[in-house]
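Every number in this text was worked out from the coordinates using simple rules, so none of it is lab data. Owing to the predicted nature of the structure, the values given are computational and were not obtained by experimental measurement. Note that each Cβ is placed from the backbone with ideal geometry, even for glycine, and that neighbours are counted across all protein chains shown.
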Amino acid sequence: MRIEYMMLENFAMVKSGMGLDKLELDFHGFKNVITLIVGNNGTGKTGAVLSNLHPYAGLGHLEARDDSDIIIPGKDGHKIIIFKTKKHEYYIEHFYQYQGKKRSRKISSYCKKDGKELNPSGSVNAFNALIECEFQIDMNFLKLMRLGPNVKNFISLGATERKSFIAKLLAEVESYIKDQKSASERSSLLNNELKIALDKKKRLDIDDI
């Protein structure tokens, strides 16, 4: 899976050294496998850029900092990210909108696969389930991506949180093991059937398969 494009509008990392309220990254057509992001400490390389190169609306419980919200409080925001695989293109959009007298924020999340909308309701829960189905990842897996004093990763989790996280991770591994076992058994069966067919062809001297 390759990230082709990301855009964040009114993102809260203006407190960082970037001093921007809009970030746009276009990796389309890049020939390089490895891309280096260079800058001084605190300029937003990790907090603004790397932390948001994923399909979700936010970071979940990854960040330990108070200003970890990617959108400026009180402002509407927008996140676009495009993923490409060998077979499909995913166009993902998140809208952050403040509504009502209390100015409570509503997030709507959408995902188009090859131009077809898969989450027309914009429900965040449905979107997260969709991403897990399409990409086989969960938001909690972001905890495995980064290390640092301002990141609530696996190492900094409490004993109960670690146990819960590992249980989910092992459940994922178990399902992959079952799939691999089923595929191996099916492959073995097909190989035996093919061997029998080839032996029969040889014994009967069949030229036209």
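Estimated at 0.36 nm per residue, the fully extended path between I177 and N140 surpasses their Cα-Cα distance by 11.2 nm.
Couplings 3J(HN,Hα) for region 76-92, derived from phi with the Karplus relation 6.51 cos²θ - 1.76 cosθ + 1.60 (θ = phi - 60°), are 6, x, 8, 10, 10, 9, 10, 10, 10, 10, 5, 10, 9, 10, 10, 10, 10 Hz, where x marks Gly and Pro. Near the amide H of S123, within less than 5 Å, lie the amide hydrogens of S109, all on another chain or at least 5 residues away, with H placed in the peptide plane. Between L198 and E161, residue separation times 0.36 nm minus the direct Cα-Cα distance comes to 7.8 nm. Among 122-134, 32-44, 71-83, sorting by the average number of other beta carbon atoms lying within 10 angstrom of each residue, highest first, gives 71-83, 122-134, 32-44. Under a 5 Å amide H cut-off, with hydrogens placed 1.01 Å from N, H78 pairs with E9, Y96 among residues at least 5 apart or on other chains.
Put simply, the amide H of K106, placed in the peptide plane, has neighbours under 5 Å in Q97, Y98, Q99, leaving out anything fewer than 5 places away on its chain. Model label points for M7 and Q97, set 7 angstrom from Cα along the Cα-to-Cβ axis, are 1.8 nm apart. Between D76 and L190, the simple spin-label model (points 7 angstrom out along Cα→Cβ) gives 5.1 nm.
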